[in-house]
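Input: a single structure, listed below in structure tokens.
The values are calculated or read from the model by the stated rules, or taken from the named source; none is laboratory data. Because the structure is a prediction, the values reported are computed rather than measured. Cβ coordinates were reconstructed from backbone atoms using ideal geometry, including for glycine residues, and neighbour counts include every protein chain displayed.
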Amino acid sequence: MNQVHDLKCLDDLIADIGGADEGMQTVGPSGLLLEHLQAARRGLMGSMRAEYNSSLEQAEESLGCVPDKKTRAEIRKTLLSLSAAEIPLRPPSEYPRPS
């Protein structure tokens, strides 16, 4: 995997949870998960590997707030694939902007 792919995965997860706009918070039970995913995105964009990994771990720990088991399992699978990837970090200027 690469950073652009991982960024796309994070953007898709954030949009699916209901927080497509950076800084928005969802009213639903997934607010904590959304905050951790947005923090992971900032860590990835800012080339802060430790913060990125920590945010992914915190996102996985907060999956209990997702009521649907199937959705929870899909998000967990994506988070595990993101945290397992060894990514060479790029400068933030090389990342695509979220759509």
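Suppose we filter the range 55-85 for residues that are assigned to a loop (DSSP other than H, G, I, E, B), at pLDDT below 90 and not aliphatic (A, V, I, L, M); how many remain?
2
Tell me which of these Arg49 doesn't satisfy, since it passes every other one: (1) modelled with pLDDT of 80 or more; (2) under 22 Å from Ala73 (Cα atoms); (3) touching a helix residue (DSSP H, G or I) at 6+ places or on another chain (Cβ under 8 Å).
Answer for Arg49: the failing condition is (2).
From Gly18, Gly23, grab the single residue that is modelled with pLDDT under 85 and out of contact with any Ser or Thr (no Cβ under 9 Å at 6 or more places or on another chain).
One residue alone meets the criteria, Gly23.
Can you pull out every residue in the range 55-71 that is more than 14 Å from Leu10 (Cβ to Cβ) and small (Gly, Ala, Ser)?
Ser62, Gly64
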